Amino acid sequence: MLEIKNLHARLEDGREILKGIDLSVGDGEVHAIMGPNGSGKSTLAAVLAGRDGYEVTEGSVIYRGRDLLDTPADERAREGLFLAFQYPVEIPGVNNTYFLRAAVNAQRRHRGEPELDAGQFLRLVRAKLKLLDIGDDLLQRSVNVGFSGGEKKRNEIFQMAMLEPRLAILDETDSGLDIDALRVVARGVNELRAPDRSIVMITHYQRLLQYVEPDHVHVLQEGRIVESGDKSLAADLERRGYGAFGEVPEAAEPA
Amino acid sequence: MSAILDFPVRPEARPYIEAFDHRAVTAEPDWLVRDRRRGLSRFAELGFPNRKSESWRYLDLQPLEKRPLIPAHAAPEADEAGLRERLAGLSLPERARRLVLVDGRFAPGLSIMEPRPGLWLGSMAQALRERPDLVRPAIEQAAADAAAHPFAALNTAFFADGFVLEVAPGIDIERPIEIVHLASGATSASLHTRSLVVLGAGSRANLLEIYAGPTANGPAYWRNDIVALRVGEGAELNRAVLVEESAEALHLAQTDIMLRAGARFAGFALLLRGRRLRHEANVAIDGEGAQCRLDGAYLVTGSDETNIVTEIDHRVAGGHSSELIKGVAADRAHGAFQGRIIVREHAQKTDAHQLSRNLIIGERAVIDTKPELEIYADDVKCSHGASVGDLDEAALFYLRARGISAEEARRMLIDGFLREAVETVEDLATRTHLLRHLARRLADLEG
């Protein structure tokens, strides 16, 4: 599904953030990438999704057999790559339903499938809404405007459910969620686990991993993956802290 | 016309003076003939406003100086099928009362008048014959006010027609009344129209005015339009304007609004197309507790220019006014908003707010925004704000990260930005119509 080799990336100001990432994600696998603040987690997500402002200086990323880094951000998304944002963007004046239908239809056109009309789209929406316990009223509002932190994160997973990606990257999807919201989001993610869908969860804490069990866990430190293992590594980290990898652990985030 | 030769005549006025002498003379009341002559001499003296004149500094009138556009004679033979087709694309899809002016003259065959008691709707030419009691004071007043406004003076000299709407006291006309000012594109000329709306005490009306030309690139024309709106005590008028002129058109429109005590007026303008557009609205709050909204949205592209110029004059106490103007300029286009608010000495407890928000797409577009507050009373609440920014990069990326192309994402963001202003329009049918035209305009915006 995804093959990252020796990936180096820097910011526009020249600071190198990713210093040689190697990661291989197979079909249907769930990976967790854990690391302290400033380790390069969000940069990795941004580079994979194609956000401007990062320069890849070395290495390669192959996604489903093609060079991902050469592909524009919107085409990556139409090819089935999905990024759940750490900070979903508020877009005043753009209706959530209108936005979502534009996204779904852009993908369908790309695949050569007929676009959904308003009725078909609404039926699909209703089916997926139940999954994430989202009220109809959220759909009538502008994209993310006036949403609570939890609503924004649920809306991200709802979009993921609508777009049915092949590879989903969840960037700190658990941050800022209370325990109930975390459960709802985790249920949504678990429902979306499938043999042809891979998921990469980027997180600081182990919390989400208690609800969504990863097949592989990686520790990211100063722009490199310093250790990989199975899910027991996450528990290990929780006990030992990132300090065991040469860094002082941060105070735990209040739930 | 020897009278005007006593004045020094500005060179750019000469072709118009000549045209005045050669126009087809129709029987008109003496007072109007006098006003027209006065208007012409005033224009001969003033010539075109130049850029030193504050409210004209953002509009380039040089092309008009180089190439005069003489007032159109009687309506040229228009292609009626073509006009009907263009109308179908412009009008409300719902059946509405509709008065159509083609090249500045009433076109009864294209209009739907639906007479009813308490409503007088007709052409200015007809009103001059049948309702001089109604139109004469307004025209005389405008002629006096126009002393310092060259194009208003020229309009007085030349206006051929227009529309007149009177709603009797207490009458509520719920469905929107549509006025379509259509340019046929058959000739290169100037179209001078003069219109009047009078709402009796406690009455209510919704007005949608559409100014449009042919979609195909026709010859340049110059629209010089003046509308007076008089909203009586406790009356309510909602007026929306849609401007979709043809690509080479010069559109100058001036609206003078007079609000009596407790009157409510909501004006909205959506300016979408035309080489040079100037939308001027002057509000006089003349009765206590009157409320006024002046909102607008424009999109200007290519090397076009769009100006919105407003003046709200709080003459008496307890008035409320609010303005929200949203502008988008792309390519090498130039947009400008000038908003003047005057609060007179006796206009205590006035509440006046103005907000101008703008987006610039690309590196070569320009937007000017200029609030002017003159406050002479001490117990008032007044505020103004202005911002000019780029499209939000984070929002663009968010949309693209969901598979939406960069081009469509830009369109969605511009639509979302301007939509906020359009959504102030209260009447649902009108609002929906304006949003549809905005979407259509954005669809042919180049990525």
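The numbers here are math on the coordinates, done by the rules we state, and not lab data. Note that the coordinates shown come from a computational prediction; the quantities given were computed from them, not determined experimentally. Reconstructed Cβ throughout: ideal geometry from the backbone, glycine too, with neighbour counts over all protein chains shown.
Looking at chain A, what % of its DSSP beta bridges pair antiparallel, to the nearest 5?
60 percent
Sort A:85-93, B:289-297 by packing, meaning the average of other beta carbons within 10 Å per residue, with the highest value first.
B:289-297, A:85-93
Any idea how far apart A:Gln120 and B:Arg57 come out in nm if each label point goes 7 Å out from Cα toward Cβ?
5.7 nm
Charges on Cβ only, +1 for Lys and Arg, -1 for Asp and Glu, centred on the Cα centroid of segment B:11-59; of B:Val25, B:Pro49, B:Pro15, which one is farthest towards the dipole's positive end?
Projecting each Cα onto the dipole axis, the largest value belongs to B:Pro49.
Provide the gained length on full extension for the span B:Ala443 to B:Ser303, in nm with one decimal, where the gain is 0.36 nm per separating residue minus the Cα-Cα distance. Don't skip to the answer; put the middle values down first.
Working: separation 140, 0.36 × 140 = 50.40 nm, distance 1.86 nm.
Extending this stretch completely gives an extra 48.5 nm.
Could you work out how far the C-alpha centroid of segment A:24-68 sits from that of segment A:90-116, in angstrom?
Between the Cα centres of segment A:24-68 and segment A:90-116 lies a distance of 25 Å.
How large is the dipole of the protein assembly as shown about the Cα centre if only Lys and Arg carry +1 and Asp and Glu carry -1, each at its Cβ, rounded to the nearest 20 debye?
Details: 87 positive and 107 negative charges, 263 e Å.
The dipole magnitude comes to about 1260 debye.
So, by mean Cβ neighbours within 10 angstrom, what's the order for B:25-38, A:149-162 with the highest one leading? Before the final figure, lay out each step's value.
Working: B:25-38: 13.5, A:149-162: 21.7.
Put in order of decreasing packing, that is A:149-162, B:25-38.
Loop only per DSSP, at most 14 neighbouring Cβ atoms within 10 Å: give me the GluC sites (Glu not before Pro) in segment B:29-96, ordered by residue number. Intermediate values should be presented prior to the final figure.
Values: sites: B:Glu45, B:Glu54, B:Glu65, B:Glu77, B:Glu80, B:Glu85, B:Glu94; in loops: B:Glu77, B:Glu94.
For GluC sites (Glu not before Pro) across segment B:29-96 that sit outside H, G, I, E and B with at most 14 neighbouring Cβ atoms in 10 Å, the list reads B:Glu77, B:Glu94.
Convert 10 °C to kelvin, take the viscosity as 1.306 mPa s, use the Kirkwood radius over C-alpha pairs of segment B:178-279 as Rh, and evaluate the Stokes-Einstein diffusion coefficient in µm²/s, rounded to a whole number.
Details: Rh = 14.2 Å.
Translational D for this selection: 112 µm²/s.
Return the ratio Rg/(2.2 N^0.38 Å) for segment B:391-447, where Rg is computed over Cα atoms only.
Values: Rg = 12.5 Å, N = 57, 2.2 N^0.38 = 10.2 Å.
In units of the globular-protein estimate, segment B:391-447 measures up at 1.23.
Would you mind giving the mean number of other chain beta-carbons within 10 Å of the Cβ of each residue in A:110-119, as a whole number? List each step's numbers first, then the result.
Numbers: counts 2, 0, 0, 0, 0, 0, 0, 0, 0, 0.
Mean number of neighbouring Cβ atoms from other chains: 0.
Counting only other chains, and only Cβ atoms inside 10 Å, what mean value do you get across the residues of A:71-79? Don't skip to the answer; put the middle values down first.
Details: counts 0, 3, 10, 13, 3, 3, 6, 5, 1.
Mean shielding by partner chains, rounded to a whole number: 5.
Please list the non-local residues whose amide H lies under 5 Å from the amide H of B:Gly267, H modeled 1.01 Å from N, same-chain partners needing a gap of 5 or more.
B:Arg239, B:Arg293, B:Leu294, B:Asp295
Please list, ordered by chain and number, the residues whose modelled amide H lies under 5 Å from the amide H of A:Glu58; skip anything fewer than 5 residues away on the same chain.
A:His8
Mean 1/r over all different Cα pairs, inverted: what Kirkwood radius does segment B:310-356 give, in Å? Present the calculation step by step, with values, prior to reporting the outcome.
Numbers: mean 1/r = 0.0825 Å⁻¹.
Kirkwood radius, segment B:310-356: 12.1 Å.
Let me know the shape class of chain B, please: from the alpha-carbon gyration tensor, a ≥ b ≥ c as square roots of the eigenvalues, rounded when a/c is under 1.5, otherwise prolate if a/b is greater than b/c, or oblate. Working shown, then result.
On the way: a/c = 1.34, a/b = 1.20, b/c = 1.12.
Judged from the Cα gyration tensor, chain B comes out rounded (a/c under 1.5).
Among B:Cys382, B:Phe337, B:Val316, whose Cα lies farthest out toward the positive end of the dipole of the protein assembly as shown, if unit charges sit on the beta carbon of Lys, Arg (+1) and Asp, Glu (-1)?
After comparing all options, I get B:Val316.
What angle, in degrees between 0 and 90 and rounded to the nearest 10, separates the Cα long axis of helix A:96-110 from the longest principal axis of the Cα atoms of chain A?
Taking Cα atoms only, the helix is inclined about 80 degrees.
Over segment B:298-390, what per residue volume does the convex hull of the Cα atoms give, in whole Å³?
Values: hull volume 6.1 nm³, N = 93.
In segment B:298-390, the Cα hull volume divided by residue count equals 65 Å³.
Quickly rank A:214-226, B:319-331, B:431-443 as a protection proxy: mean count of other C-beta atoms within 10 Å, highest first.
On the way: A:214-226: 19.9, B:319-331: 23.0, B:431-443: 17.4.
Final packing ranking: B:319-331, A:214-226, B:431-443.
Given B:Thr215, B:Ile404, A:Gly80, which one lies farthest toward the positive end of the charge dipole of the protein assembly as shown, if we put +1 on the Cβ of every Lys and Arg and -1 on the Cβ of every Asp and Glu?
B:Thr215
Can you tell me the Rg and Dmax of segment B:245-288, counting just the alpha carbons, in angstroms?
When restricted to Cα atoms, segment B:245-288 yields Rg and Dmax of 13.9, 43 Å.
Average partner chain C-beta neighbours within 10 Å, per residue of B:372-382? Can you show the working numbers first?
Working: counts 0, 0, 0, 0, 0, 0, 0, 0, 0, 0, 0.
Counting Cβ atoms of other protein chains within 10 Å of each residue's Cβ and averaging gives 0.
Would you kindly give the portion of the calculated P(r) for the protein assembly as shown that falls above 49 Å, as a percent of all Cα pairs?
On the way: 75430 of 246051 pairs.
Result: 31 percent of Cα pairs exceed 49 Å.
Can you give the charge dipole size of segment B:298-390 about its Cα centre, rounded to the nearest 20 debye, using +1 on the beta carbon of Lys and Arg and -1 on the beta carbon of Asp and Glu? Write down the numbers at each step before the final one.
On the way: 10 positive and 15 negative charges, 30 e Å.
Using Cβ point charges on Lys, Arg, Asp and Glu, segment B:298-390 gives about 140 debye.
Which residues among segment A:28-42 fall inside the zone where the amide N is under 12 Å from a point 7 Å beyond the Cα of A:Ser232, along Cα→Cβ?
Label zone hits: none.
Could you pull the Cα extents of chain A along its three principal axes, largest to smallest, in whole Å?
55, 39, 36
If you restrict to DSSP beta bridges whose two residues both lie in the protein assembly as shown, what percentage is antiparallel, to the nearest 5?
Percentage antiparallel, nearest 5: 20.
Give the residues of segment B:298-326 whose amide nitrogen is closer than 14 Å to a point set 7 Å from the Cα of B:Asp379 in the direction of its Cβ.
Within reach of a label on B:Asp379: B:317-319.
Please report how far the C-alpha centroid of segment A:162-185 lies from that of segment B:19-43, rounded to the nearest whole angstrom.
What the calculation gives is 74 Å, centre to centre.
Suppose R0 equals 41 Å. What FRET efficiency, 1/(1 + (r/R0)^6) with r the Cβ-Cβ distance, do B:Thr432 and B:Asp331 give to the nearest 0.05?
Details: r = 29 Å, r/R0 = 0.70.
Computed FRET efficiency for B:Thr432 and B:Asp331 comes out at 0.90.
Let me spell out the model: positive unit charges on the Cβ of Lys and Arg, negative unit charges on the Cβ of Asp and Glu, origin at the Cα centre of chain B. What dipole size does that give, in debye rounded to 20? Write out the running numbers ahead of the final one.
Details: 55 positive and 65 negative charges, 76 e Å.
For this selection, approximately 360 debye.
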